[in-house]
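Participant: Starting off with a structure, shown below.
The values are calculated or read from the model by the stated rules, or taken from the named source; none is laboratory data. Here the structure is a predicted model, which is why all the values come from computation and not from measurement. Every residue, glycine among them, receives a Cβ derived from its backbone with ideal geometry; neighbour counts consider all protein chains shown. The protein model used for the area step is the full one, side chains on, heavy atoms only, and it has no ligands, DNA or RNA in it. Shrake-Rupley method; radii C 1.70, N 1.55, O 1.52, S 1.80 Å.
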Amino acid sequence: MSFVTRFAPSPTGYLHLGHALSALTAFDAAHAAGGRFILRIEDIDQSRARSEFDAAIFEDLAWLGIAWEEPVRRQSEHMADYEAALQSLIERNLAYRCFRTRKEIADAIASAPHEAGEMFRGEALPADEEAAKLEAGEAFAWRLSLKKARAALGPAYFTLVFEDETGLVRAEPDKHGDVILARKDFPASYHLASVWDDALQGVTHVIRGEDLRDAAHLHVLLQKLLELPQPVYRHHRLMLGEDGKRLAKRDAAATLRALRDAGKTPDDVRAVIGLS
Ligand code: GLU
């Protein structure tokens, strides 16, 4: 069986020990399987992406001893792909315009406390109301309609499954509510672009942190709706900071650059993240 996996960082900060764990787990798995390892730059959020972080990704991964295939796909250069994927959902009436503000959405969620998490559900406005808002230039987001997805897929909606390290898992896209697929200032969401690229790049194994475990429940629905192949999922433990919370961009001391400057070696990094 072919094995293709990837590491898909966003250039919004320096890579830290958590990224090292993700990248090396995927790289080692590809190596062990005699498979391929892909690096993808997820920079669709151009308001947060910075070129120095982008350059640092390449430097830091090479320092760790990771080798990737060229050319590297940079999502900001392929926005038309994601727009086309969005368009195909819109044409099949699987997405709707949502004109609500963040505050209105938060209020709508708060008024439906029996619905878990931060999920939101809605539907398209009546055509005349929508036309008036468009005419007035009101901003909107495109949301995936779970109701329409359910109607389109029929019983298959309820039998969606995916494989992860725990075995076969029944997908529960309802966990997410009607997710935002695109916004005026943000023409494609992470979910849409990531699912699209994993398929385009022939990724057979998505290996990433536990913090993205829930994302698989939505991603397999998007794969089904967009008629894309479904990869296998593997989630790894998270690296925690001294405060016991997941390492984040604010933990400067844990960046690979800071560790390198302090004289640590790639083997030291492996030891710290438990991958020696
Ligand atoms: N760009 C995402 C991140 O940096 C990667 C998510 C994924 O691996 O699917 O968190």
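Participant: Report yes if some residue within the stretch 72-89 is in a helix (DSSP H, G or I) and either of a type in the set (Val, Ile, Thr) or farther than 30 Å from residue 134 by Cα (or both); otherwise report no.
Facilitator: no
Participant: Given the options 132, 182, 124, name the one that is at pLDDT below 95 and more than 20 Å from the chain's Cα centre (by Cα).
Facilitator: Result: 124 is the single residue among 132, 182, 124 that is at pLDDT below 95 and more than 20 Å from the chain's Cα centre (by Cα).
Participant: Within the stretch 1-41, can you find the residues that are open to solvent by 10 Å² or more (accessible area, probe 1.4 Å), in contact with a strand residue (DSSP E or B) (Cβ under 9 Å, 6 or more places away or on another chain), part of a loop (DSSP other than H, G, I, E, B) and within 11 Å of the ligand (Cβ to nearest atom)?
Facilitator: Selection gives 8, 10.
Participant: Would you pick out the residues in the stretch 153-181 that are small (Gly, Ala, Ser) and touching a Lys or Arg at 6+ places or on another chain (Cβ under 8 Å)?
Facilitator: 156, 177
Table: residues versus (1) within 20 Å of residue 6 (Cα to Cα); (2) within 19 Å of the chain's Cα centre (by Cα); (3) among the aromatic types (Phe, Trp, Tyr); (4) modelled with pLDDT under 95.
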site	(1), (2), (3), (4)
137	no, no, no, yes
148	no, no, no, no
154	no, no, no, no
164	yes, yes, no, no
214	yes, yes, no, yes
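Participant: Scan the stretch 131-156 for residues that are in contact (Cβ under 8 Å) with a residue 24 or more places away in the chain and either part of a loop (DSSP other than H, G, I, E, B) or not hydrophobic (A, V, I, L, M, F, W, C) (or both) and jot them down.
Facilitator: 133, 138, 139, 140, 143, 145, 147, 148, listed by residue number.
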